[in-house]
Amino acid sequence: MQTILTAQQMRLADEHTISQRSISSLTLMEEASRAFVNAFLACEADKKVSIHVFAGQGNNGGDGLAIARLLQAEGYPGLQVSIAAFTGRQSADFSVNLARLKEAGIEPVWITVPGRVPDSSAVVIDALFGSGLNRPLDENYNRLAAQINHMGARVYAVDVPSGLASERPFPGEYNGVRALRTFTFQRPKRSFFLPESAAAQQAFEVLDIGLDERFIESQHSDMVLLEPEDMRSLLRPRKPFSHKGTYGHALLVAGSPATMGAALLAAKGCLNAGAGLTTLAIPASGLTALNTALPEVMALPEAEMANAAGLARFSVLAAGPGLGTDESAAAKVNLLLTTGRPLLLDADALNILADRQWLDRLPCGSVLTPHMKEFDRLFGPATDWNERLENALGQATARKITIVLKNQYTFVVPPGGRAFVNPTGDPAMAQGGMGDVLTGILAALLAQGYAADDACKIGCYIHGAAGMRLASQQFVVSASAVAAEIPAVLKHCLLN
Ligand SMILES: NC(=O)C1=CN([C@@H]2O[C@H](COP(=O)(O)OP(=O)(O)OC[C@H]3O[C@@H](n4cnc5c(N)ncnc54)[C@H](O)[C@@H]3O)[C@@H](O)[C@H]2O)[C@@H](O)CC1
Ligand SMILES: [K+]
């Protein structure tokens, strides 16, 4: 796991590293700039490309000037450097790098009043502001950013796209530089995981600049990034002499006559993520489809969904995919709530909770898997994703539940004030049924005895990893293909 730092904590990590390694901040800046240049070389190998570096006067600008000098030494002749100096003072390391730039024979252009910038460059390096940005861009910088965006160049941002705040995007429409790619130092910034950052960058890559990892990991943070190694330590291998009873019995209450596919997808996810037994509670009209498509899965006769005592034999109770929100669906959710046992609820089960105001009946230890709209219906509207995430952090702790807030980067939010960011997934997975498969996977992991937070971390990770594996070969990835890929992904996560 990687702790995601605030801008202030990042500064402390810089200072700590500088004193611990007995190096100057200038040396660290040079190392960061070298790391940027190495990553840049991999993307822009043609040395004849025209490059325009836009630098501010802080340390991000200092990086920009060092990068320009290093790129010239790498043999890129077509370099221009512009320094935006509408306001503000030069940082000490900026000043030294300005002198070094001039020594290297590069004379920068100073932009002190708004005007037209030359727009012929194929590549822009954006080093106006980095993690020091602490207020929205004013009109001058906004205009410059608009001109850069208008150039149609391939924009590489240094550390942070200029205009994007590191912790949480500023309210309102994004008015900064729009980067193709950000090369960010040591850690992704917290705002990169919030969907509003899509306006500022298409992708980011993290560069190790040698900051002290022990110091970074000792910092308190409300956001932690999951990594492949976490799966290896969380996942448990199948045991010798084990049998189907060892791995739990999941009940999935799902499906309606028109949406039986959702129930089947959830059941397929559950089977493939290793539940010992999977039982589906579906309307009778779905039985033929179930027996044909998934012969391993059992069906619970509808009459048994009226008796809470009969549910005691299941090790996990899950509901939602394709369930509908009518009276009979609500009666099933009501029955599950009366058991007083932790529940796994998704999709329509969440809508039922919201519509009937049953949220306060939810037992501690439950897991909810809403996407944005479902979350807002349950917990109230939010003006932006940061507010929504903070609400999720508060709700999970207050209600002692785990909220899986789904998005490109899904947030697993257990009680305790930390959101675990899932890094896996691919746009090829943007298709109906994905959430149903995730619910089945989570049910299987809970049935196998994983704690709710661990089940959600593993489940989200392997679900996205399955999609990524398939997307490396395919344009689009279906939900049933993701479910089918899960056993191989689990094996890979355990072994690697
Ligand atoms: N501290 C270090 O040792 C290192 C810092 N590095 C670089 O330093 C950057 C951070 O540098 P700084 O802290 O100097 O900050 P920036 O260079 O991001 O910004 C410079 C200054 O601009 C001012 N400012 C903030 N918002 C503004 C706005 N909207 N309009 C006008 N002025 C505004 C602030 O006073 C800020 O300090 C990182 O992003 C990274 O690129 C790297 O060189 C690695 C090492
Ligand atoms: K920048």
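What follows is calculated from the coordinates using simple rules that are stated; it is not laboratory data. These numbers were taken from a predicted model, which means no experiment stands behind them. Please note: Cβ atoms are built from the backbone with ideal geometry, for glycine as well, and neighbour counts cover all protein chains shown.
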Count the net charge of all other residues whose Cβ sits under 14 Å from the Cβ of Asp348, scoring Lys and Arg as +1 and Asp and Glu as -1. -2
Rg to Rh ratio, the range 141-205, alpha-carbon atoms and Kirkwood radius? 0.93
Report, to the nearest 10°, how far helix 7-20 tilts away from the longest principal axis of the Cα atoms in the chain, using its own Cα long axis and a range of 0 to 90°. 60 degrees
Counting other C-beta atoms within 10 Å, and keeping those with at most 15, which DSSP coil GluC sites (Glu not before Pro) do you find in the range 207-311? Glu296
In degrees, nearest 10, the alpha-carbon axis of helix 139-150 is tilted away from the dominant principal axis of the alpha carbons of the chain by 80 degrees
Which net charge results when you count Lys and Arg as +1 and Asp and Glu as -1 among the other residues whose beta-carbon is under 12 Å from that of Ala127? -3
Local charge sum around Asn272 (other residues, Cβ-Cβ under 15 Å, Lys/Arg +1, Asp/Glu -1)? +2
The range 294-308 and the range 448-485 have their Cα centres apart by a whole-number Å value of 26 Å
So what is the 222 nm mean residue ellipticity for the chain from helices alone, if each DSSP H run of at least 4 adds -39500 (n - 2.57) and you divide by all residues, rounding to the nearest 500 deg cm²/dmol? -12500 deg cm²/dmol
So what's the angle, to the nearest 10 degrees on a 0 to 90 scale, between helix 25-43 and the longest Cα principal axis of the chain? 70 degrees
What does DSSP give for the chain in terms of the percent of beta bridges that are antiparallel, rounded to the nearest 5? 15 percent
So how far apart, in nm, are the two label points at Leu359 and Asn307 if each is 7 Å from Cα heading toward Cβ? 3.5 nm
In terms of the alpha carbon gyration tensor, root eigenvalues a ≥ b ≥ c, rounded if a/c is under 1.5 and otherwise prolate when a/b exceeds b/c or oblate, the chain is prolate
If you restrict to DSSP beta bridges whose two residues both lie in the range 228-495, what percentage is antiparallel, to the nearest 5? 20 percent
Which of the three applies to the range 381-465, rounded, prolate or oblate, going by the alpha-carbon gyration tensor with a ≥ b ≥ c and a/c under 1.5 meaning rounded? oblate
Taking the alpha-carbon centre of each part, the distance from the range 33-92 to the range 223-260 in Å is 48 Å
Extension reserve of the Lys400-Gln20 stretch, reckoned as 0.36 nm per residue once the Cα distance is removed: 132.8 nm
Based only on Cα atoms, what mean projected area does the convex hull of the range 228-495 have, in nm²? 13.5 nm²
Gyration tensor (alpha-carbon) shape descriptor, the range 7-151, a/c threshold 1.5: oblate
